[in-house]
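Structure first, then comments.
The values are calculated or read from the model by the stated rules, or taken from the named source; none is laboratory data. Bear in mind that the values here come from a model prediction, so they are computed numbers and not experimental data. No Cβ is skipped: glycine too gets one built from the backbone with ideal geometry, and neighbour counts run over all protein chains shown.
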C-alpha cells in the first residue's frame, strides 16, 4: 500500500500551508493503495453541477500544435470524458489572450513560467484552474547542463540563469507568432511585464498558483516539488492523476513478446533519446523507438536519424497512432523511460497496464502510484538504465497487474467540478 505521503510528510505539508489543512486530507485514506480525498475537505462549495454545459477555455503551450505532447493528450482525455457537460475552446498561448464571457479558464504548464503567469493574469475575472504539470527544478538544471547538439540553444541553456533563459525563450516563441502590428504590441507589453517579474520569478509563480481557484495535482510528489521550488502554499490543490488506459486487450502473453526494450515518446534531448541510442549501439542492446524526431534538422536530430539507419541495434518507427503505440507496449517486455524530467508519465502507466516492466530514471512521480510496477534507477547514467532494462527483460515471469484505480472519468470529473466551483467526487472508490 502506498498512500503517496507518509504521515510525517503530510504533517510537513500541512505546516507549509500556513496551518491550514492541505487538500489531500486531515486523515490519510487508503483506497486500493492510493490516497483519496474526504468530501468535507474538497475544494469548492457543495452543490450540483450546472444543467447547461459550462464554458471552458483551455490555454495550451504556444507550440502545442507543432510539438504535441503528454500535456495536450492529458487534457484531451479530460475533454473526451466531459462529453456534453462542457463547451470547450482550445487556445494556444499568445500575448494578449482574451477569453469568452463567463468561461472558466484552464491554464497548463509551469514549465513555461512567464507564459503561465501571463495567462493567469489575463484570466482575472474568470474562474481559473491551473494544471502545473510541474517538473522538479533540480532535475531541470541537470538536464540543461547535460543537453547538447542544439547549437546556440545549448550554449544559452548552460550559461544563462534560469529566469533569463526562460525570458529569452518566451520572447523568441512569442515573436514567431507575430502576424500583425497589434501582435507585436502585445508581445512587447508581455515582455515588459516579464522583465518586472523575472527577478522574483519562482516566488511570483508560487503566488500565481495561490491566486488560482484550484490547482490540479498529478501526484503527491508534484505537490512536494511545487512547495519546495516555488513556495506554493498548498491550500488550493487537489489530486486528479492521469487515468489508466482503457484498451489494453491487445497485450500479448509474456513468453510471446518480441520486443525486449521499447522507448515511447518524442525523440528529443529532454528524453535522452540520442544518448540511449548511442549507448544501445555501443553495448549491442536492441532498442526500439516510437515517436517523432523533434527538430529533425538539428545536430541532435540528424545524428539520431543516422544512427537509426546505420545501427542494427537501434530501430526507429516514427510517429504512430496511439492505438499502435499501445499495441507495441503490449508486445514489449520493458518500456524504458530515460527522460530527465516528468511529472506523472502517461507512458509509464500505459506500459504497466500493457503488462510491460517499466524501467525509469528518477524523473518523476510514477512510484507514488505504481511502486510495484516500476524500477527506478537512481543514476544519471544511461548505461545503468539500459543494464537494468536488460535484467528486467530477462525475467521469467510477467509483472503483476498494477493496483491503480484512477480512470480518466475520475480525473475529468474532479477537474470539471473545480472549474464549475462545486464538488461531488472524491476520486475512485
Among 262, 184, 226, the single one that is surrounded by fewer than 16 Cβ atoms within 10 Å (Cβ to Cβ) and either touching a helix residue (DSSP H, G or I) at 6+ places or on another chain (Cβ under 9 Å) or in a strand (DSSP E or B) (or both) is 184
Selection from region 157-181 of residues assigned to a helix (DSSP H, G or I) and more than 16 Å from residue 93 (Cβ to Cβ) yields 157, 158, 159, 162, 163, 164, 165, 168, 181
Is it fair to say residue 209 is touching a strand residue (DSSP E or B) at 6+ places or on another chain (Cβ under 8 Å) and either surrounded by 15 or more Cβ atoms within 10 Å (Cβ to Cβ) or within 16 Å of residue 113 (Cβ to Cβ) (or both)? yes
_When you scan region 54-68, do you find a residue that is modelled with pLDDT of 80 or more, in a helix (DSSP H, G or I) and assigned by TED's automatic domain parsing to the domain that holds residue 183, even just one?_
no
Inside region 380-416, the number of residues satisfying the requirement of being in contact with a strand residue (DSSP E or B) (Cβ under 6 Å, 6 or more places away or on another chain), more than 13 Å from residue 79 (Cα to Cα) and modelled with pLDDT of 95 or more is 6
In region 285-302, anything free of Cβ contacts under 8 Å to residues at least 12 places away in the same chain and outside any loop (DSSP other than H, G, I, E, B) is listed as 302
Of the conditions (1) touching a residue at least 24 places away in the same chain (Cβ under 8 Å); (2) within 22 Å of residue 222 (Cα to Cα), the single one that residue 315 does not satisfy is (2)
Exercise for review: Test residue 277 against the criterion of being surrounded by 18 or more Cβ atoms within 10 Å (Cβ to Cβ) and closer than 23 Å to residue 406 by Cβ, and give yes or no.
Suggested key: no
**OP:** Return yes when residue 51 is in a loop (DSSP other than H, G, I, E, B), within 19 Å of residue 114 (Cβ to Cβ) and more than 14 Å from the chain's Cα centre (by Cα) and no when it is not.
**Re:** no
Only one of 305, 282 is part of a helix (DSSP H, G or I), modelled with pLDDT of 95 or more and touching a strand residue (DSSP E or B) at 6+ places or on another chain (Cβ under 7 Å), namely 305
Among the residues of region 282-306, the number that are more than 26 Å from the chain's Cα centre (by Cα) and surrounded by 18 or more Cβ atoms within 10 Å (Cβ to Cβ) is 1
The residue that is farthest from residue 227 (Cα to Cα), considering only those in region 113-125 that are free of Cβ contacts under 8 Å to residues at least 60 places away in the same chain and surrounded by fewer than 24 Cβ atoms within 10 Å (Cβ to Cβ), is 125
